[in-house]
Amino acid sequence: MIKQELEANVIFNPKWDDEVSHRTIIKWDTTWLFQLNATKYSWAKSLYQVMVGNFWVPEKVSGLWDDATQFETILSEDEKRAYKWILSFLIFLDSIQTVNLPNFNDYITAPEVNLILSIQAYQEAIHSQSYATILETVVKPEQRDEIYYFWRTDKNLLERNEFIGGIYQDFIDNPTDENFFRGIIWNFLLESIYFYNWFAFFDTLADQGKMVATDRMINYIRRDELTHITIFANILKEIKNEFPEMYDEQTIIDMMKVAVEQEIKWSQHILGKNIIWLWNENIENYTKWLANERMNMLWINPIYPGYTTNPLKHLDRLQDNNGEKGNFFESTVTNYAQSSAMNWSWEF
């Protein structure tokens, strides 16, 4: 029986069954037993294998003391400023994802999807720990609180943080179908758009031999984020297939345009005009190209005609985690698994 109202999952529901053929991504009554020997969503099974295989901890990333020396002696004042304020925004993004993902997971009614969202929340916490490790090693102690709370003094960042938090809070306060759908879109946009100009900044420094250890940490984070993007792209596709009355393509397009406008404005505010390759025009072109790539993941036509290639050519090389040629933005992520032996137990 499909529920007509969006309600949070109960802890145990013995009156219902776990028949896979009846399962839907949301609004299904199940027992809430994690019956993982029978799954409906094969993409979740594949992502589980990749996410577990991608396990890492920031303490294993070496070289940050070299970055600390470079931060003080090699980086320009513009680069130092961008380094600190970008970390401030990344800390906010991963913090809010860590605490907010369970609010959406409470409404997902497929245990295999519940499982990977739980792994995602864990990974977001690891990312927060990685930023703390960077700050502890690279910047002086008296600068750390300034970085964590930069939004207290920067109006642009405060507005961004409040906007993101507001969309999530709308769903928490009023968990309607519309607010759930908007929240899922925003999870997709946060993971797929908001991080990537900042990844580009660290990659650009590393391309010049600067802050290489920080960039290595960012590479691990980006690898995780690709799986997170894929999770929410697939959830949106399942909603379109199973609950077409909830799905609204125009809402996705409108929210993507807002995200792109915010990202361009904030990037230009933080990066300025003096950081090589990341000039205002390149930032706008890169963000709009990236938005088109993300729309393709959702089978939606490009929303920015003419933005068909990545203007930051050096990123193609630096963002290839496995040293192989390939499309980093493909919705399948099997190339990023560390072990092909990661399988559900019944496949051994």
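Of all the criteria given as (1) touching a helix residue (DSSP H, G or I) at 6+ places or on another chain (Cβ under 7 Å); (2) in contact (Cβ under 8 Å) with a residue 60 or more places away in the chain; (3) not in a loop (DSSP other than H, G, I, E, B), the one not satisfied by Lys80 is (2). Scanning segment 278-288 for residues that are buried (at least 19 other Cβ atoms within 10 Å of the Cβ) and of a type in the set (A, V, I, L, M, F, W, C) yields a count of 2. Might you check whether a residue that is within 24 Å of the chain's Cα centre (by Cα) and surrounded by 14 or more Cβ atoms within 10 Å (Cβ to Cβ) occurs anywhere in segment 26-38? Checked against the condition, which is being within 24 Å of the chain's Cα centre (by Cα) and surrounded by 14 or more Cβ atoms within 10 Å (Cβ to Cβ), segment 26-38 yields at least one hit. Candidates Asn241, Asn219: the one that is surrounded by fewer than 21 Cβ atoms within 10 Å (Cβ to Cβ), at pLDDT 95 or above and polar (S, T, N, Q) is Asn241. Taking the numbered list (1) under 21 Å from Glu124 (Cβ atoms); (2) more than 17 Å from the chain's Cα centre (by Cα); (3) of a type outside the set (D, E, K, R); (4) surrounded by fewer than 20 Cβ atoms within 10 Å (Cβ to Cβ) in turn, Val99 passes all entries but (2).
State which residue is nearest to the chain's Cα centre (by Cα) when the search covers only segment 43-71 and only residues that are acidic (Asp, Glu) and at pLDDT 95 or above. Per the criteria, the residue is Asp67. So in segment 234-274, with the set limited to residues that are basic (Lys, Arg) and closer than 20 Å to Ala44 by Cβ, which one is farthest from the chain's Cα centre (by Cα)? Looking at residues that are basic (Lys, Arg) and closer than 20 Å to Ala44 by Cβ, I get Lys240. Scanning segment 21-38 for residues that are closer than 17 Å to Asn9 by Cβ and in a loop (DSSP other than H, G, I, E, B) yields Arg23, Thr24, Ile25, Lys27, Asp29, Thr30, Thr31, Trp32, Leu33, Phe34, Gln35, Leu36.
For first residues located in segment 118-135 and in contact (Cβ under 8 Å) with a residue 24 or more places away in the chain, partners that are surrounded by fewer than 19 Cβ atoms within 10 Å (Cβ to Cβ) and hydroxyl-bearing (Ser, Thr, Tyr) and lie 6+ apart or on another chain with Cβ distances below 7 Å form the pairs Ala121/Thr98; Glu124/Thr98; Ala125/Thr98; Ser128/Ser95; Ser128/Thr98. Inspect segment 135-148 for any residue being out of contact with any Leu (no Cβ under 8 Å at 6 or more places or on another chain), among the hydrophobic types (A, V, I, L, M, F, W, C) and under 16 Å from Glu225 (Cα atoms) and give the result as yes or no. Looking through segment 135-148, none of the residues is out of contact with any Leu (no Cβ under 8 Å at 6 or more places or on another chain), among the hydrophobic types (A, V, I, L, M, F, W, C) and under 16 Å from Glu225 (Cα atoms). Check segment 2-17 and report whether any residue there is touching a helix residue (DSSP H, G or I) at 6+ places or on another chain (Cβ under 6 Å) and at pLDDT 90 or above. So far as segment 2-17 goes, no, none of its residues is touching a helix residue (DSSP H, G or I) at 6+ places or on another chain (Cβ under 6 Å) and at pLDDT 90 or above. Within segment 77-96, the set of residues being more than 19 Å from the chain's Cα centre (by Cα) and surrounded by 20 or more Cβ atoms within 10 Å (Cβ to Cβ) comprises Glu79, Ala82, Tyr83. Report yes if Phe150 is under 30 Å from Ile25 (Cα atoms), at pLDDT below 95 and not acidic (Asp, Glu), otherwise no. When the stated conditions are applied, Phe150 does not pass them. Against the condition hydroxyl-bearing (Ser, Thr, Tyr), surrounded by fewer than 15 Cβ atoms within 10 Å (Cβ to Cβ) and either within 28 Å of the chain's Cα centre (by Cα) or under 30 Å from Ile270 (Cβ atoms) (or both), how does Ser21 come out, does it pass? Considered against the rule, which asks whether it is hydroxyl-bearing (Ser, Thr, Tyr), surrounded by fewer than 15 Cβ atoms within 10 Å (Cβ to Cβ) and either within 28 Å of the chain's Cα centre (by Cα) or under 30 Å from Ile270 (Cβ atoms) (or both), Ser21 comes out as no. Could you tell me whether Glu284 is over 30 Å from Val52 (Cβ atoms), in a helix (DSSP H, G or I), at pLDDT 90 or above and of a type in the set (Asp, Glu)? Against the criterion (over 30 Å from Val52 (Cβ atoms), in a helix (DSSP H, G or I), at pLDDT 90 or above and of a type in the set (Asp, Glu)), Glu284 qualifies.
The values are calculated or read from the model by the stated rules, or taken from the named source; none is laboratory data. Computed from a prediction, not measured in an experiment: that's the story for all the values here. When we count neighbours, we look across all protein chains shown, and the Cβ atoms used for this are built from the backbone with ideal geometry, even at glycine.
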